[in-house]
Amino acid sequence: SSDMVFGEQQGGGGGGAGGGAGAPMDDGPGRYRLHGFISHMGRNTGHGHYVCHIRKGGRWVIFNDDVVSESVEPPLAFGYVYVFRREDVPEPAGP
């Protein structure tokens, strides 16, 4: 149910980011920016494979099996799954 996804459960039970059933969640208005997405390369979903595009250091990078390279014009309109990052959360350090 969508209630589980957004951290509030109906009818008791613990869990959720809010700390319990019915607990208010007030962490500010939140602004989000597209951080990555999954797209498909191939004629159809039965032929081809999925790749991941991630925004890193202001540029788009494509992860295609064991090949990682810059994605100059990522196919934003053809994503299957989109990942957003909250703007007030710093990007993790890494290679």
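The values are calculated or read from the model by the stated rules, or taken from the named source; none is laboratory data. None of the values given here were measured: they were computed from a predicted structure. Backbone-built Cβ (ideal geometry, glycine too); neighbour counts: all protein chains shown. In case anyone asks, the SASA skips ligands and DNA or RNA and just uses the protein heavy atoms, side chains included. Shrake-Rupley method; radii C 1.70, N 1.55, O 1.52, S 1.80 Å.
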- Residue that is most open to solvent (accessible area, probe 1.4 Å) [pool: residues in region 33-51 that are in contact with a His (Cβ under 9 Å, 6 or more places away or on another chain) and touching a residue at least 40 places away in the same chain (Cβ under 8 Å)]: 38
- Restricting the search to region 52-95, which residues are of a type in the set (Ser, Thr, Tyr) and under 15 Å from residue 41 (Cβ atoms)? 69, 71, 80
- Applying the selection to region 57-86, what residues are open to solvent by 100 Å² or more (accessible area, probe 1.4 Å) and at negative phi? 59, 66, 70, 72, 73, 78, 80, 84
